[in-house]
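Visitor: My questions all concern the structure below.
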Amino acid sequence: MEVKSILLCDAATPHPDGTFSLLRGGIDNWNLQSFPAQIRFSFVVILELLSTEVGRTHTVELDVIDADGNRVLPQGKIPFSIPIKMNVTHYKWNLVGSLIIPITKAGKYSLQLGADGHNLSSVGFQTIQAAQSPLG
């Protein structure tokens with residue numbers, strides 16, 4: 001199993017044909033006026049599996065980690081299974097979801113992805129204290 005891509009975006013919608021739509025993809029910074037705060041975003045993870053990995057249930061594990069290595073949310077576990085198809089050697093599965101994350105301070109964070117207990121990939125993002133306008 002291999003992660004082909006992880007995209008952070010404003011919104012994402014899965015479609016029955018295995019495709020997805022997304023709005024404003026490629027987000028990796030949030031300017032926040034004050035802390036604590038919450039950020040909301042959607043994500044799309046594109047996984048590729050070999051023919052030996054289909055026909056059984058797998059579990060994807062999602063973690064949001066802060067710069068100190070602490071979980072910001074409880075770990076998410078998502079089971080999935082892809083049916084076997086004749087004459088297919090590589091399979092694709094898209095995980096599409098949304099998160100609301102409590103942010104206590106400016107800094108670096110990461111969305112980490114694992115499957116069946118093995119770490120696969122991650123994508124980093126950061127929160128920044130927005131510049132305050134001078135009083136005047």
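Visitor: hydroxyl-bearing (Ser, Thr, Tyr), farther than 17 Å from LEU8 by Cα and exposed (fewer than 11 other Cβ atoms within 10 Å of the Cβ): does that describe THR104? Steps first, answer last, please.
Guide: Details: hydroxyl-bearing (Ser, Thr, Tyr): yes; farther than 17 Å from LEU8 by Cα: yes; exposed (fewer than 11 other Cβ atoms within 10 Å of the Cβ): no.
No, not satisfied.
Visitor: Now for a different question. Could you list, in sequence order, the residues of segment 119-136 that are without any contact (Cβ under 8 Å) to a residue 60 or more places away in the chain and part of a strand (DSSP E or B)?
Guide: If the condition is that a residue be without any contact (Cβ under 8 Å) to a residue 60 or more places away in the chain and part of a strand (DSSP E or B), then ASN119 is the only one that fits.
Visitor: Another question, then. Of LEU111, LEU62, which residue is of a type in the set (A, V, I, L, M), closer than 23 Å to THR13 by Cα, in contact (Cβ under 8 Å) with a residue 60 or more places away in the chain and buried (at least 16 other Cβ atoms within 10 Å of the Cβ)? Talk me through it step by step, then tell me what you get.
Guide: Details: LEU62 fails: in contact (Cβ under 8 Å) with a residue 60 or more places away in the chain.
Among LEU111, LEU62, only LEU111 is of a type in the set (A, V, I, L, M), closer than 23 Å to THR13 by Cα, in contact (Cβ under 8 Å) with a residue 60 or more places away in the chain and buried (at least 16 other Cβ atoms within 10 Å of the Cβ).
Visitor: I would also like to ask the following. Going through THR52, THR59 one at a time, which residue ends up being part of a helix (DSSP H, G or I) and not basic (Lys, Arg)?
Guide: Going through THR52, THR59 in turn, just one is part of a helix (DSSP H, G or I) and not basic (Lys, Arg): THR52.
Visitor: Next up: Would it be correct to say that LEU99 is more than 20 Å from PRO16 (Cα to Cα), in contact (Cβ under 8 Å) with a residue 40 or more places away in the chain, surrounded by 16 or more Cβ atoms within 10 Å (Cβ to Cβ) and of a type outside the set (Phe, Trp, Tyr)?
Guide: In short, yes.
Visitor: A follow-up question, please. So for segment 81-93 (the condition being touching a strand residue (DSSP E or B) at 6+ places or on another chain (Cβ under 6 Å), closer than 30 Å to SER34 by Cα and of a type outside the set (Phe, Trp, Tyr)), does at least one residue qualify?
Guide: Checked against the condition, which is being touching a strand residue (DSSP E or B) at 6+ places or on another chain (Cβ under 6 Å), closer than 30 Å to SER34 by Cα and of a type outside the set (Phe, Trp, Tyr), segment 81-93 yields no hits at all.
Visitor: So, in segment 94-113, exactly how many residues are in a strand (DSSP E or B) and either within 12 Å of ILE6 (Cα to Cα) or β-branched (Val, Ile, Thr) (or both)?
Guide: Pass one, segment 94-113, residues in a strand (DSSP E or B): 94-103, 107-113.
If we keep only those that are either within 12 Å of ILE6 (Cα to Cα) or β-branched (Val, Ile, Thr) (or both) as well, we get 94-97, 100-101, 103, 110-113.
Within segment 94-113, residues that are in a strand (DSSP E or B) and either within 12 Å of ILE6 (Cα to Cα) or β-branched (Val, Ile, Thr) (or both) number 11.
Visitor: Turning to a different aspect of this structure: For segment 65-96, enumerate the residues that are in contact (Cβ under 8 Å) with a residue 24 or more places away in the chain and either among the polar types (S, T, N, Q) or touching a Lys or Arg at 6+ places or on another chain (Cβ under 8 Å) (or both).
Guide: Scanning segment 65-96 gives ILE65, ASP66, ALA67, SER81, THR89, TYR91, LYS92, ASN94.
Visitor: Do you know which of the residues in segment 16-62 that are closer than 23 Å to PRO79 by Cα and of a type in the set (Ser, Thr, Tyr) is nearest to the chain's Cα centre (by Cα)?
Guide: The selected residue is SER42.
Visitor: Just checking, does segment 80-91 include any residue being within 23 Å of PRO16 (Cα to Cα) and under 18 Å from the mean Cα position of the chain (by Cα)? Break it down stepwise before answering.
Guide: Initial filter on segment 80-91 (within 23 Å of PRO16 (Cα to Cα)): 80-91.
Imposing the further condition that a residue be under 18 Å from the mean Cα position of the chain (by Cα) reduces the set to 80.
Within segment 80-91, one or more residues are within 23 Å of PRO16 (Cα to Cα) and under 18 Å from the mean Cα position of the chain (by Cα).
Only the coordinates and a few stated rules stand behind these numbers; no lab work does. Predicted model, so just to flag it, every value in this text is computed and none were measured. With ideal geometry, Cβ positions are generated from the backbone for all residues, glycine too; neighbour counts draw on all protein chains shown.
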